[in-house]
Every structure is written in structure tokens, then in C-alpha cells.
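This report concerns only the one structure given below.
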Amino acid sequence: MRTSGTRRRLAVTAVAAAALGSGALAVVSAAQAQAEEGCEVDYRIAGEWNGGFQANIAITAGEPIDGWEVGWDFPDGTTVDSAWNVDWSQNGTTFSGSDVGWNAAIDSGQTREIFGFIGSGSAAEPVSIYLNGERCEGQSEPTETPTDEPTETPTDEPTSEPPGTPVSIMPLGDSITGSPGCWRGDLWDLLVAAGHDISYVGSLSQDCWPSEADPYHEGHGGVLVTQAVTSGDTRMWLEANTPDVLLMHFGTNDVWSAVPPEQILAAYTSIVEDLRELNPDAVILVAQIIPLHPDESFGCVECPQRAIDLNVAIPGWAADLTTERSPIVVVDQHTGFDPETDTYDGVHPDEDGYVKIAANWFAALDGVLAQS
């Protein structure tokens, strides 16, 4: 068992927001707008359902950006219901959003997904997007250019850490995270190759390729997240090995058992609250779970839709609970995961599935760890 040691304040520099599953939840469109100074604003519809949609916004900087403000006009009747990692407002059809401090800086040539939101109404992308007062290339200048520049510096700066202190990461979940799940080794390999100093923590130990990977985790086969929270197990695991970063792919067994999404999300909330009590600076990465398409011998014909229903609810839940100090990052493990080729039974990942899961975690973690 490895304890996590000194608590760490992470400077989160990127967010991987969710893009939901298959069918009606697949990525349906993307609009990329070129700004005059070489910047690109990417307004991407990540998921669409009856009456609603999710959009993710990314910026590619031509010159370094230290503070951003974006704005556009929605089609009539379109509103933002919730958003994460952005200070936003909407007046009629006009939306405006600005950075929340920790996500203000974008280096030259860097692409960063800066925020996401859940909307109601039309998912049609805006015709014109403004970035710090500049309209998209090839279009006329705005008649009224915002003059306010971000001048405030965050009052709660990340604290420096002793050199050589690894970032502790707890993989938390069920058998997809523990036995037989073995994406932890693939993820370790990616993170170490990227130069990150990390350690896995947890009460369970299972070697996972490559052999250099820490074996520790909290992947408990067959466990429901709702039961683990009610029994106090999750609190005990977090107290024993309090992490800097929590990777949570938890709820597959709850979905299998027809536990409603709202009960699963309530369990997620308890885990977040317990972790923040133990480590107020913890970063939480929550997966939209991989698809469920069990073999006929397993039964559970409703499982595929139940997994989608849970995944649709996760971004809004995360938006309500995320904070600047302890952000919640939604990681899409559903889109692009094919149970036919990425599992051996429609539920549990095979080697191909491990690679995909690890790559999705890495895409989010690489940004989280970049300035730790």
C-alpha cells in the first residue's frame, strides 16, 4: 500500500469535457472560426438529444493569450442551462463567457478546450464568434469592441511543492478499473513518457503491464458505487490513501442493477464531498462509462440505454459541483468505444479497450499535470 504523502495544489491547464456516446449522442457538427491574430475558436457540438445539446469550446492561440473573453449570438429560443469552467452570462440571444483564472493562459500554438455547456433549443452553431473583441477572419469588425482586459490575478495561487514529490492518482471503480481491467499500465506508460512524476495509490495491488507501473488502485470487482458509499467503503479508501487526482469510472454495476442515474450521481457527490474534506485541492476526473452491450447469456437488454442515460446526466452534475480550487473534469469513455472489438464479453475491456480507455484518461490528465 502506498500513501499519498504531501497534499498538492494542481495548476489545471486543460479540461477534457464530455462528448456523448453513440447514435443520437454522437458528435454531430463542428464550426471552426479563424480570428484575425491567427487564433482559432472551435465551437463543437459534442452531443444532441431531444430539446437539448452539449457544446465544447476550444481556442488555438496564434499569439500567447493571458485572459480570454468569447461571445456570440444564439438562434432565437436557444439558452444555456449550465456551464463549467467559465464565468458566463446570457442576455436575450447574446452569450458571453470569460476565463475563471486558472484557465486564462494559452501559449502560442497551443490548443486548449476552455469550457463546455449544456443548452436548450437549437444546436446550430453561431454565425459569428468573438474572441477578446476580434471577429472571425473575413468578417467586418464588431461595431463595439470590448475594452475591458482581464487585470485581476487569481488570489489563490497554486502552492509550490517540494521537488521530487509525485502527483498521487487513485484509480477508483469496479472490475473495469481493477481485475480484470488493466488500462492502468497503459496510462502509466503514457504519463511517464510525457515526463510526469506520478504514483498510483490505493488499498488493492495488482500488477499491470508495463511492470514498472505502480500496482495500487481501488478497482473493486462487482461493487456498486451506491453500495460502496452507503457502507462507508469509499470514505475509508479515500482516508487511507488520499489522492491529488481521482480517476473515477464507477457505476457500471449500478446501471446493470437498474439503479436510477440520480442515485448514482448522489453517490458521486458523496465521494467528491469526502475527498474535498480530506484534500480541498483535489482534482476529480469522472468518466462517462464505456458502453454496455452484454452477450445474450448475460441478459440486461436495457443496459445499453441505461448507460447512455447515466452518461447524459454526468456533465450537468459536474457543472453544478465543479469549483476553481477543485475542478471536476468529465472524460468521455463512451464515444468511439466499440463493444464488438474493445471487449471480450460486451462489458469488460480487452487489450484494445485498455488502450482506448488509457488514451482518453491521458488526454485529460496530461493537461491537469502539465504545471503540477
Hey, among Pro291, Pro304, which residue is open to solvent by less than 50 Å² (accessible area, probe 1.4 Å), within 17 Å of Asp174 (Cα to Cα) and not aliphatic (A, V, I, L, M)? Pro291
Looking at Glu262, is it more than 22 Å from Pro349 (Cβ to Cβ) and out of contact with any helix residue (DSSP H, G or I) (no Cβ under 6 Å at 6 or more places or on another chain)? yes
Among the residues of segment 236-257, which ones are open to solvent by 10 Å² or more (accessible area, probe 1.4 Å), more than 22 Å from Ile289 (Cα to Cα) and either assigned to a loop (DSSP other than H, G, I, E, B) or of a type in the set (Lys, Arg) (or both)? Thr242
Restricting attention to segment 352-372, does a residue exist that is part of a helix (DSSP H, G or I), closer than 17 Å to Trp183 by Cα and β-branched (Val, Ile, Thr)? yes
Residues of segment 308-328 being assigned to a loop (DSSP other than H, G, I, E, B) and either in contact with a Leu (Cβ under 7 Å, 6 or more places away or on another chain) or open to solvent by 20 Å² or more (accessible area, probe 1.4 Å) (or both), which ones? Thr322, Thr323, Glu324, Arg325
Matching residues in segment 168-196 - criterion: being open to solvent by 10 Å² or more (accessible area, probe 1.4 Å), touching a residue at least 60 places away in the same chain (Cβ under 8 Å) and either outside any helix (DSSP H, G or I) or of a type in the set (Val, Ile, Thr) (or both): Ser175, Pro180, Cys182, Ala194, His196
Restricting attention to segment 97-110, and to residues there that are assigned to a strand (DSSP E or B) and touching an Asp or Glu at 6+ places or on another chain (Cβ under 7 Å), which single residue is farthest from Gln54 (Cα to Cα)? Ala105
Given the conditions (1) open to solvent by less than 50 Å² (accessible area, probe 1.4 Å); (2) part of a loop (DSSP other than H, G, I, E, B), every one holds for Glu63 apart from (1)
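Would you pick out the residues in segment 213-235 that are among the β-branched types (Val, Ile, Thr) and open to solvent by 30 Å² or more (accessible area, probe 1.4 Å)?
Val223, Val229, Thr230
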From the set of residues in segment 85-113 that are of a type in the set (Phe, Trp, Tyr) and open to solvent by 10 Å² or more (accessible area, probe 1.4 Å), which is farthest from Ile284 (Cα to Cα)? Trp88
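The values are calculated or read from the model by the stated rules, or taken from the named source; none is laboratory data. What you see is a predicted model, and the numbers here were worked out from it, not measured in a lab. Here the Cβ is made from the backbone with ideal geometry for all residues, glycine too, and neighbour counts use every protein chain on show. Ligands, DNA and RNA are stripped out before the accessible areas are found, and what is left, the full protein with its side chains, is counted by its heavy atoms. Shrake-Rupley method; radii C 1.70, N 1.55, O 1.52, S 1.80 Å.
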